[in-house]
Amino acid sequence: MASEAVKKILEAEALSDRKNADARRQRDDIISTASGRSSLAIQKKISEATAEAAKIRSAYDEKLKAYEKKSEAECSDRINKIRQLAEKNMNSAVDEIISRFF
């Protein structure tokens with residue numbers, strides 16, 4: 001009778017060990033699957049963010065080119081106006097000098 005009880009205890013312990021091992025294996029599988037999925041999700045988000053950053057960068061590059069073009073045109077206009085004013089002033093100065101000495 002005692003040996004029957006010992007046998008049942010040993011069987012119960014063996015069954016418990018198998019169930020624990022199965023539970024650990026399932027846990028590891030779940031963790032591995034979740035880790036893989038999260039890695040894929042992270043990679044996807046990084047890829048999306050990289051694409052969005054490239055799109056934004058491209059838009060800013062276009063705006064920068066337009067701004068540079070506009071700035072260059074404004075600078076050219078200002079330089080031309082200053083050049084014209086300088087020529088006018090120079091002509092007036094020459095005329096004044098000529099009128100004083102001749």
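The values are calculated or read from the model by the stated rules, or taken from the named source; none is laboratory data. Please read these numbers as outputs of a predicted model, since none were measured by experiment. Don't worry about glycine lacking a Cβ; one is built from the backbone with ideal geometry, like all the others, and counts go over all protein chains shown. When the accessible area is computed, the model is the full protein with side chains, heavy atoms only, and any ligands, DNA or RNA have been set aside. Shrake-Rupley method; radii C 1.70, N 1.55, O 1.52, S 1.80 Å.
For residue 81, the criteria (1) open to solvent by 80 Å² or more (accessible area, probe 1.4 Å); (2) at pLDDT below 95 hold in every case but one, which is (2).
Restricting 100, 37 to those that are surrounded by 10 or more Cβ atoms within 10 Å (Cβ to Cβ) and in a helix (DSSP H, G or I) reduces the list to 37. Examine the stretch 50-67 for a residue that is surrounded by 10 or more Cβ atoms within 10 Å (Cβ to Cβ), without any contact (Cβ under 8 Å) to a residue 24 or more places away in the chain and more than 36 Å from the chain's Cα centre (by Cα), and state whether such a residue exists. No, because not a single residue in the stretch 50-67 is surrounded by 10 or more Cβ atoms within 10 Å (Cβ to Cβ), without any contact (Cβ under 8 Å) to a residue 24 or more places away in the chain and more than 36 Å from the chain's Cα centre (by Cα).
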